[in-house]
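Structure first, commentary second.
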Amino acid sequence: MPFNARTLALPATIPFVGPEALERRLGRPFLARLGANESVFGPSPQVVEAMSRAARDSWAYGDPEHHALRSAIADRLGIRFEEVVVGEGIDGLFGLLTQIVLEPGDAVVTSHGAYPTFNYHVTGHGGVLDFVPYRDDHEDIDALIERMQAVRPKLVYFANPDNPTGSWHEADAVRRLMDAVPEGTLLVLDEAYSDLAPASALPAADELRPNVLRFRTFSKAYGMAGVRVAYVFGAAETVSHFHKVRNHFGVSRMAQAGAVAALEDQTYLSDVVARIVRARDRLGQIASSVGLRPLPSATNFVAIDCGRDGPYARRVLEGVLDRQVFIRMPGVAPLDRMIRVTVGRDDELDRFAAALTASLADASD
């Protein structure tokens, strides 16, 4: 077969096993879907209406320059049109990033246990991952700085707020990381949960540097995970390289119209954020009520420390899955002592609470 050696050496895998695949494996549907960090509160009605209108014209390709959406994003952030590129979710943009930056054998620094889809794209394009551990359930900025200055990698990945722990750093700490990026390195600043973060955690959007790329999405607070639309912003001379390789018709007419409408309805966004905060507090109460420790979170999920080790947390997870509630857990020690639960509606959280209580009883037998 004509596949290159790098492809032949890769495992036949995907970053995540989806809930649909788990349902097929278990032979029954989930009654609460609380594992993929989606927003069960959904998109604004204005978004649904805009996408419905666009669907009527879906015989035509969407604007390959994404002009209306990029303009709306730039206006919202207070930056220039040329400093924004739109793509098919942050995951799609990560794929493009590794394509335009990496040569086989190039080093990439990240945290051991951080978002695995980034690692998936790095490996697929021949990069070599170099890890630092978390410290106190946060990505360790000092360790990342020390390692990138020693290794001089092509890319350094840092998420703020973080997935899978939900932790965050303040903007001054992020700026310290930005200041430390060495020549020849790009900082990948994943801000997927920026709409849920404290304002004090985010450097100003117009703090653009040629060696920093910031990624944001409509999948989380805007409730559009199934639509696949996100953006990267940074210095124009840096983001312009995405245009050389991106799928120019990859972001559909419906997705572009929906994202523009989402930006216009900030009242709905504020309401959803408030609902997420209330549900996040409820998840913390559920965890505490059964003797587990919820980690502080600036996202739409809560990481819950099960208090033992990875095998024990895995038993808890499987018991919850068996009771038809979909959740996930980190895959790397010591983070794998946790389960991670996305916020939901009251009835879904009630179902999770009952499943968790029963699962803990089984796991402790």
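The values are calculated or read from the model by the stated rules, or taken from the named source; none is laboratory data. Since the structure is predicted, the reported quantities are computational estimates derived from the model, not experimental observations. Methodologically, a virtual Cβ is constructed for each residue, glycine included, from the backbone with ideal geometry; neighbour enumeration extends over all protein chains shown. Surface areas here come from the heavy atoms of the whole protein model, side chains and all, with no ligands, DNA or RNA. Shrake-Rupley method; radii C 1.70, N 1.55, O 1.52, S 1.80 Å.
For every residue, the table says whether it meets (1) closer than 24 Å to residue 357 by Cβ; (2) of a type in the set (Val, Ile, Thr).
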{"position": "231", "(1), (2)": "no, no"}
{"position": "238", "(1), (2)": "no, yes"}
{"position": "242", "(1), (2)": "no, no"}
{"position": "255", "(1), (2)": "no, no"}
{"position": "295", "(1), (2)": "yes, no"}
Residue hits (segment 307-344; polar (S, T, N, Q) and open to solvent by 10 Å² or more (accessible area, probe 1.4 Å)) are 324
Of all residues in segment 195-206, which are open to solvent by 10 Å² or more (accessible area, probe 1.4 Å) and not hydrophobic (A, V, I, L, M, F, W, C)?
195, 198, 200, 206
Can you find, within segment 278-304, the residue that is most open to solvent (accessible area, probe 1.4 Å) among those that are of a type in the set (A, V, I, L, M), farther than 23 Å from residue 190 by Cα and assigned to a loop (DSSP other than H, G, I, E, B)?
290
Residues of segment 163-184 being closer than 26 Å to residue 240 by Cα and crowded, with 21+ Cβ neighbours inside 10 Å, which ones?
174, 177
Taking into account only those residues within segment 353-362 that are farther than 20 Å from residue 25 by Cβ and of a type in the set (A, V, I, L, M, F, W, C), which is surrounded by the most Cβ atoms within 10 Å (Cβ to Cβ)?
356
Which of the residues that make up segment 42-75 are closer than 30 Å to residue 275 by Cα and either at pLDDT below 95 or hydrophobic (A, V, I, L, M, F, W, C) (or both)?
47, 48, 50, 51, 54, 55, 68, 69, 72, 73, 74
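This table checks each residue for (1) touching a residue at least 40 places away in the same chain (Cβ under 8 Å); (2) of a type in the set (A, V, I, L, M); (3) open to solvent by less than 80 Å² (accessible area, probe 1.4 Å).
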| site | (1), (2), (3) |
| --- | --- |
| 11 | no, no, no |
| 24 | no, no, no |
| 30 | yes, no, yes |
| 46 | yes, no, no |
| 49 | yes, no, no |
| 57 | yes, no, yes |
| 61 | yes, no, no |
Of these, 341, 316, which one is part of a strand (DSSP E or B), among the β-branched types (Val, Ile, Thr) and over 25 Å from residue 131 (Cβ atoms)?
341
Might you let me know whether segment 214-224 holds any residue that is within 12 Å of the chain's Cα centre (by Cα) and open to solvent by 20 Å² or more (accessible area, probe 1.4 Å)?
yes
Pull up segment 128-162, narrow it to residues that are at positive phi and not basic (Lys, Arg), then point me to the one that is most open to solvent (accessible area, probe 1.4 Å).
136
Select from segment 226-277 the residues that are surrounded by 18 or more Cβ atoms within 10 Å (Cβ to Cβ), of a type in the set (Lys, Arg) and more than 20 Å from residue 82 (Cα to Cα) and list them in ascending order.
228, 253
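Condition test on residue 118, is it outside any loop (DSSP other than H, G, I, E, B) and surrounded by 21 or more Cβ atoms within 10 Å (Cβ to Cβ)?
On the way: outside any loop (DSSP other than H, G, I, E, B): yes; surrounded by 21 or more Cβ atoms within 10 Å (Cβ to Cβ): yes.
So residue 118 fits the description; yes.
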Only one of (1) closer than 24 Å to residue 161 by Cα; (2) modelled with pLDDT of 95 or more; (3) part of a helix (DSSP H, G or I) fails for residue 131. Which number is that?
(3)
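Quick one: count up the residues across segment 25-41 that are at pLDDT 95 or above and more than 18 Å from residue 221 (Cα to Cα).
Restricting attention to segment 25-41, the residues satisfying the condition of being at pLDDT 95 or above are 29-41.
Within this subset, residues satisfying the condition of being more than 18 Å from residue 221 (Cα to Cα) are 29-32.
Number satisfying all stated conditions: 4.
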